[in-house]
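Beneath this line is the structure, given in structure tokens, with notes to follow.
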Amino acid sequence: MKMIDAIEAVLKANSKPSFWGTGEERLGYQGEFTLAGRLLSRGNITVCGLEGGDFFTFDEVADGLHEVYLAYDWDDEQGATVSAVALVASGTTPEALAGATWEEAAEDVNALSDRASAISSSTPDNLVVGWALRRTAEFADAEDVEAHAVAQFEAQQEAGSRTPVLDVVVDPANGANTLVFPTCQYNSDSILVGRDESGAGVGIFWSDFSG
């Protein structure tokens, strides 16, 4: 079993009924998952829009270098957008991920952005991720953080990428980074937290992005 297969299996097992009452499963994402990078966590983890808003942070997964998978959907006019985020704790196997106990942690609480959102951990002075990005060399001259991120996504897509993402170190003191990715919806309506038999966190999935 590959990790992407395990992620898809977990989301399928925890899918919700279709909004239209057709009896079909709603998996909570569109497109295909890909390994987008690794998040060096130093504290609580969250997914949210770049300018803050209401969101939950999670401490179920221990500090470490974790894999981040993004589900990319593609539109010929809009380009790539992310419809789900899966963080897999360091050292977790696909079998352990699929065999974990998964619980819904929260609903309709993580405010995304209609242009760019991020998964992040520690930031200097507990800043919202947008302000932390402004302190980095990559965003130092950007008047609008979201517009700058979108411009970078567009440049990656023009170069042939269908999976644009930015990997930015936001806390040089401890090396914690942030992964920024394109979104077009406003909330993550489902957040699943997985734990192994000992209760240790093995992953966090954000999905069911909606306006």
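Hey, among the residues in region 39-64 that are in a strand (DSSP E or B) and either β-branched (Val, Ile, Thr) or at pLDDT below 95 (or both), which one's surrounded by the fewest Cβ atoms within 10 Å (Cβ to Cβ)?
As a first pass, look at region 39-64 and keep what is in a strand (DSSP E or B): 39-41, 45-49, 52, 58, 64.
Among the residues that remain, those that are also either β-branched (Val, Ile, Thr) or at pLDDT below 95 (or both) are: 41, 45-49, 52, 58.
Values: Ser41: 25, Ile45: 23, Thr46: 19, Val47: 30, Cys48: 25, Gly49: 24, Gly52: 14, Phe58: 19.
So the residue we want is Gly52.
Residues that are among the small types (Gly, Ala, Ser) and surrounded by 21 or more Cβ atoms within 10 Å (Cβ to Cβ) number at least 1 in the following strands (runs of 3 or more DSSP E) confined to region 65-173: 79-88, 116-120.
The values are calculated or read from the model by the stated rules, or taken from the named source; none is laboratory data. Since we're looking at a predicted model, the values are computed, not measured. All Cβ positions, glycine included, derive from the backbone under ideal geometry; neighbour counts span all protein chains shown.
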